[in-house]
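The values are calculated or read from the model by the stated rules, or taken from the named source; none is laboratory data. No experiment lies behind these values; they were computed from the predicted model shown. So basically every Cβ, Gly included, is an ideal-geometry build from the backbone, and we count neighbours across all protein chains shown.
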Amino acid sequence: MKSLKNHISLIIPLFAILFAVEFYLIIDRLIADYEVRLSSDYSIVVVSKKPLTLEELKVVDPGIQSMKEIDSTLIINRLKENSISVNYEELKEYLPHFYRVYLETLPSSQQLEELREKLSKVDGIERVETFRKTHRKIYHFLLFVKNISKLFLFIIFVTSVMLVFKQIEVWNLEHQERMYIMALFGAPLWMRNAILVKLSIIDTTVSTILVYITYSYLISSGSIVKLLGIEDLSIDPAQIAGDMLWLFGIGLFISMVNIIIVSSRQYRIATV
Amino acid sequence: MGSKSVIIAKDLTLAYKPNVPIIRESSFRIRSGEFVFITGPSGSGKSTLLKSFYGELRPQSGALQIGGVMMEQIKPAKLAFLRKYLGIIFQDYKLIKEWTVKKNVMLPLLIAGYSKDVCEAQTARLLKHVRLQGKEDYYPLELSGGEQQRVAMARALAHNPVIILADEPTGNLDEYSSRVIWGLLEGANEQLRTTVVVVTHSIPPNLEVPYKHFYIEEGKIYEIS
């Protein structure tokens with residue numbers, strides 16, 4: 001019973017760390033997917049006196065993915081809808097060229113401003129409309145979500161590492177006599193700490209499996225996408241399975257670092 | 001006595017707190033193969049002296065050499081190496097409670113890196129020697145005090161140590177168990193020429209081996225012929 005309690009005392013913080021790390025990885029991937037979608041939907045409008053080619057624009061900024069000319073008939077139709085009395089055929093001759101320019105990734109506000117300035121300097125371009133306000137809202141929201149998940153990860157990580165440290169210290173005290181006796185017979189540090197390493201490996205394995213089971217359930221039931229309100233995006237369960245190796249490594253690394261710290265403070269008397 | 005000295009102390013001072021010496025500027029020498037008793041009143045520093053021999057306490061001043069190793073500035077790795085050549089016996093046995101008798105005896109052999117077969121064979125031989133065959137799979141708390149001390153004795157002998165250090169080895173034992181332990185220590189000294197250093201309140205009257213006797217009083221160590 002005591003042994004089970006000891007295992008649970010390490011499994012809980014390790015589970016919390018690994019759960020938070022996996023949550024961060026999932027959010028990061030979802031945001032990346034979301035960014036791709038946003039960038040495919042998002043475009044800037046360029047107004048030019050002369051026809052433009054994609055190659056010309058790519059020289060200005062390689063991040064430009066594609067461009068599409070906006071049919072001037074659409075603009076004229078809009079004027080017609082507003083009952084503006086002009087000679088539409090004549091107007092068509094004088095209208096500049098309108099282009100919708102698509103980017104490879106969703107730029108930051110600063111990148112967008114730089115792009116606007118660069119495009120404005122291109123010969124023939126009269127106006128660049130970046131829809132800055134809308135972009136800024138979307139971009140800042142994404143940044144907010146990213147930072148929140150980082151903060152969440154950081155808080156859980158620090159708290160849990162402290163709990164792991166405390167539990168390893170408890171183990172250390174429990175096994176102190178054994179380690180002391182081993183030291184008296186010349187056992188090296190790794191041999192004295194073998195029991196702590198063994199317990200850590202067991203508990204990290206259990207925690208990783210629990211995280212996998214939890215996320216598999218949450219993904220299959222659609223709880224995560226529902227919770228985040230992104231039902232149109234999907235999470236690949238295969239990626240979660242792939243992450244488990246990383247999570248096991250992270251859990252083990254944290255445990256080992258704590259064992260090294262705890263054991264470096266132990267048996268000063270036994271080892272002078 | 002032309003044999004090599006395994007323990008050399010020169011102006012040795014031992015203390016737990018600065019300026020409160022337990023052993024003061026004492027010099028002595030223990031040669032290879034000697035059987036040595038260290039006696040003295042309670043609190044005179046007998047166990048403290050023994051602790052300095054296995055590196056649990058560093059000399060505050062003076063020099064202490066154990067098996068050619070200077071103990072004043074000894075590094076943990078060197079100390080671990082030195083301890084592989086020592087067999088230590090305590091009054092409270094210091095057995096690992098969660099381990100069986102067999103595994104306890106095997107400990108120094110495992111540390112020394114012997115193969116499993118060698119460990120098994122040597123452990124079986126030793127348990128027979130200390131008359132504990134059949135109790136290999138017992139846990140220490142399932143044994144009597146005398147039996148536990150015999151396990152500790154077998155563990156101390158397992159790796160054929162150069163020096164056996166015993167701190168009140170019979171302090172908690174009945175007469176029969178005490179006789180067995182003294183017999184084992186004498187045997188190790190006579191047959192294997194192992195140096196034996198025993199801290200005790202009183203020297204057993206019927207000991208058959210020649211021995212050297214150090215007496216500690218008021219921090220000073222005196223050799224009594």
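Below is a table of values for the structure above.
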read-out	value
Among (1) in a helix (DSSP H, G or I); (2) within 18 Å of the chain's Cα centre (by Cα); (3) of a type in the set (V, I, T) - the single one A:I235 does not satisfy	(1)
Answer residue from segment A:170-181, given it is in contact (Cβ under 8 Å) with a residue 24 or more places away in the chain and more than 9 Å from every other protein chain (Cβ to nearest Cβ) and is surrounded by the most Cβ atoms within 10 Å (Cβ to Cβ) among those	A:M179
Residue satisfying condition, being part of a strand (DSSP E or B), more than 14 Å from every other protein chain (Cβ to nearest Cβ), more than 30 Å from B:R83 (Cα to Cα) and in contact with a strand residue (DSSP E or B) (Cβ under 9 Å, 6 or more places away or on another chain), within set A:R116, A:R127	A:R127
Boolean, A:I195 is more than 14 Å from chain B (Cβ to nearest Cβ) and over 20 Å from B:F81 (Cα atoms)	no
Unique residue being in contact (Cβ under 8 Å) with a residue 12 or more places away in the chain, closer than 30 Å to B:L86 by Cβ and either within 14 Å of another protein chain (Cβ to nearest Cβ) or within 19 Å of the chain's Cα centre (by Cα) (or both) when the list is A:L184, A:L153, A:L142	A:L184
Conditions (1) more than 14 Å from chain B (Cβ to nearest Cβ); (2) within 30 Å of B:I89 (Cα to Cα); number of the one not met by A:L245	(2)
Residues located in segment B:36-54, provided they are in contact with a Ser or Thr (Cβ under 8 Å, 6 or more places away or on another chain) and over 20 Å from B:G68 (Cβ atoms)	B:F37, B:I38, B:T39, B:K46
Residue among B:L82, B:L132, B:L50, B:L109 that is more than 30 Å from B:A9 (Cβ to Cβ) and within 13 Å of chain A (Cβ to nearest Cβ)	B:L109
Qualifying residue in segment A:76-83 (condition: at pLDDT below 80 and not in a helix (DSSP H, G or I))	yes
Where a residue in segment A:20-32 is within 15 Å of A:V225 (Cβ to Cβ) and in the same structural domain as A:V161 (by TED's automatic domain parsing) and its partner, wherever it lies, is of a type in the set (S, T, N, Q) and in a helix (DSSP H, G or I), with Cβ under 6 Å and at least six apart	A:I27/A:S149
2 or more residues in contact with a strand residue (DSSP E or B) (Cβ under 7 Å, 6 or more places away or on another chain) and on the phi < 0 side of the Ramachandran plot: qualifying helices (runs of 4 or more DSSP H) within segment B:38-132	B:46-53, B:76-83
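Yes or no, residue by residue, for (1) within 30 Å of B:K135 (Cβ to Cβ); (2) surrounded by fewer than 21 Cβ atoms within 10 Å (Cβ to Cβ); (3) free of Cβ contacts under 8 Å to residues at least 40 places away in the same chain:
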{"position": "B:I22", "(1), (2), (3)": "no, no, no"}
{"position": "B:G33", "(1), (2), (3)": "no, yes, no"}
{"position": "B:K46", "(1), (2), (3)": "no, no, no"}
{"position": "B:L49", "(1), (2), (3)": "no, no, no"}
{"position": "B:Y54", "(1), (2), (3)": "yes, no, no"}
{"position": "B:I74", "(1), (2), (3)": "no, yes, yes"}
{"position": "B:A77", "(1), (2), (3)": "no, yes, yes"}
{"position": "B:R83", "(1), (2), (3)": "yes, no, yes"}
